[in-house]
1. A:Glu82 to A:Ile12: extension gain in nm, 0.36 nm per residue of separation minus the Cα-Cα distance?
2. Accessible area, 1.4 Å probe, largest first: how do B:Lys70, B:Lys38, B:Lys116 sort?
3. With a point put 7 Å past each Cα toward its Cβ, work out how far B:Met114 is from A:Ile5 in nm, to one decimal.
4. Using the Karplus equation 6.51 cos²θ - 1.76 cosθ + 1.60 (θ = phi - 60°), what ³J(HN,Hα) coupling, rounded to whole Hz, does each residue of the range B:74-87 give in order, writing x for Gly and Pro?
5. Rounded to whole Å, give me the distance from the Cα center of the range A:50-88 to that of the range B:1-20.
6. Take the solvent-accessible surface of the protein heavy atoms, probe 1.4 Å, and return the percent of it on chain A that carbon and sulfur atoms account for.
7. Please work out the Cα convex hull volume for chain B and give it in Å³ per residue.
8. GNM, chain A, Cα, under 10 Å: largest mean-square fluctuation among A:Gly84, A:Gly40, A:Gly58?
Amino acid sequence: AAGVIQSPRHLIKEKRETATLKCYPIPRHDTVYWYQQGPGQDPQFLISFYEKMQSDKGSIPDRFSAQQFSDYHSELNMSSLELGDSALYFCASSLGGPTEAFFGQGTRLTVV
Amino acid sequence: AQKVTQAQTEISVVEKEDVTLDCVYETRDTTYYLFWYKQPPSGELVFLIRRNSFDEQNEISGRYSWNFQKSTSSFNFTITASQVVDSAVYFCALSEAQDNAGNMLTFGGGTRLMVKP
């Protein structure tokens, strides 16, 4: 069965650079979530989209932005990267409400 | 505000022992969902189970079982006859039901389970 696809899997950027992470949800899923997991920490909710509209917002820095496109894929844009942005970024998708959220394999971002 | 607490940060057992991972949650909603996820060393988050607040039936799936008790706001997870492959970080999570979609998960801090041969 198709799963949530995230790209790239690994990314190394320098401080102050920009990064774009992509997420392709499970087909027919209409909701996308982004989470950030720092080393040794639990995943923290960043933002979610339902039917291409932002539906909920968590602790997402102003330097980050995200959107969901007409084909339901989503992109997380991060600018002015800081060392503290180094983390595993997960995308999850679901169909409608709080059903099982299926997670992608994550993008490991390292800022040097 | 919702909160999930996993008091055990790390547990170490020997293979074939039973182990229970504790999860306590806080929510003001009467309708909510509880989840368990497994995060092996490779890093992905593997969905294990979802429970809604109206279903207090315990569930068993192979060596895994879950005990949901609303009276104590707990959703504990037991692995019977643990195996080395069970070594991972386990997260309990809560989602409050809302009218619209996009309901976020609030995770507990995770419990690192180490199963030694």
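1. 24.0 nm
2. Order by accessible area, largest first: B:Lys116, B:Lys70, B:Lys38.
3. Distance between the two pseudo-spin positions: 3.8 nm.
4. Listing the rounded values in order: 10, 9, 8, 10, 10, 10, 9, 6, 4, 10, 4, 5, 7, 4 Hz.
5. After rounding, the separation between the Cα centres reads 31 Å.
6. Carbon and sulfur atoms account for 49 percent of the accessible area of chain A.
7. In chain B, the Cα convex hull volume per residue is 100 Å³.
8. Fluctuation is largest for A:Gly40.
The values are calculated or read from the model by the stated rules, or taken from the named source; none is laboratory data. All values reported here derive from a predicted model rather than from experimental measurement. In this analysis, Cβ positions are derived from the backbone assuming ideal geometry, glycine residues included, and neighbour counts consider all displayed protein chains. With ligands, DNA and RNA removed, areas are computed over all heavy atoms of the protein, side chains included. Shrake-Rupley method; radii C 1.70, N 1.55, O 1.52, S 1.80 Å.
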